[in-house]
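*Asks:* Sending over a structure as structure tokens; questions will come in a sec.
Every read-out reported here was derived from the displayed coordinates using simple, explicitly stated rules and does not represent laboratory data. Note that the structure is a prediction, hence the values are computed from the model and not measured. Here Cβ is always computed from backbone atoms with ideal geometry, including for glycine, and neighbour counts include all displayed protein chains.
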């Protein structure tokens, strides 16, 4: 009986791991690869996600190592493959941390803690990868290729002044500099968004499979506690100081770290309050009886429409933060 149970648990973990790897290797759905592991966590607890995640990491390592043997090892190939597996492992571990029940600590704080752990542990790996001459050369090659393509497209605009300005911005060195700066200022946001989405989607799918008739958590009820305003205000103040050049008065290594930390913290806070703004809109739509299928269409329209997405990125977080003074919803609990 015990052997049968162990075999069934292993087979379930294997299925979750295979599902994760299929999503990971299928480019369009790569960002969904943590969702099956979160389903395993909901249905089988810490042991479930540890088993499924362990199998997925081991399988990815074998696949990457096997891919190096048919031909000679290229310079940096082993480092790149090892770093990929290590980052995969860190993201799985981050999801495990996000699922830990630490007293009454709510999900946003657990996700922030998981994101911080992943970023701290992964920074040396990314630094080693960036310092490798082969990897750096490949990155320069990709930037140069994109620069040529973008300049060719901008040359057809017909606006000489604007075309000249854009062409200057798309020079390989300038494009490389802006790309690196963008990654340094936003990588925490992308990791947080990946973990948060995976946790939410996997939790919803796992609970629905376990208990279809059980009450579900409503996104319209998402609300941050009032103290979240302080990290938002502090991070935005630091960003303003960096934008005004005040950070340049300290030694360069320190200013770079301060600038990166300020922008990453501000973007994460804006993301959270943007979610609260969306939750308010969802609450109003539900109260108004608007069809559910119109909700995702509206969100996509807000995010992809040129100029409207810029307005949304600023207005939604401010709208969400304003709920600390204006009561937009009656009822609804803070994020769990």
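*Asks:* Quick one: compute the contact order of the range 217-336, relative version, from alpha carbon pairs under 8 angstrom and 6+ residues apart, as a percent. List each step's numbers first, then the result.
*Replies:* Numbers: 103 pairs, mean separation 50.3, N = 120.
Reported relative contact order: 42 percent.
*Asks:* Neighbouring Cβ atoms within 10 Å as the yardstick, rank 110, 208, 327 fewest first. Kindly include the intermediate steps, with their values, before the conclusion.
*Replies:* Numbers: 110 18, 208 14, 327 7.
Sorted ascending by nearby Cβ count, the order is 327, 208, 110.
*Asks:* Also: What is the order of 57, 314, fewest Cβ neighbours within 10 Å to most?
*Replies:* 314, 57
*Asks:* Counting just the Cα atoms, what span does the range 217-336 cover along each of its three principal axes? Round to the nearest Å and put the largest first.
*Replies:* Projected onto the principal axes, the Cα atoms of the range 217-336 cover 56, 33, 22 Å.
*Asks:* Still on this structure, I have one more. What translational diffusion coefficient, in µm²/s and rounded to a whole number, does the Stokes-Einstein relation yield for the range 9-121 at 25 °C and a viscosity of 0.890 mPa s, taking the hydrodynamic radius as the Kirkwood radius over Cα pairs?
*Replies:* Numbers: Rh = 14.9 Å.
Calculated translational D: 165 µm²/s.
*Asks:* Still on this structure: List 280, 55 from most exposed to least, where exposure is judged by having the fewest other Cβ atoms within 10 Å. Provide the component values of the computation, followed by the final result.
*Replies:* Details: 280 22, 55 19.
The most exposed by this proxy come first: 55, 280.
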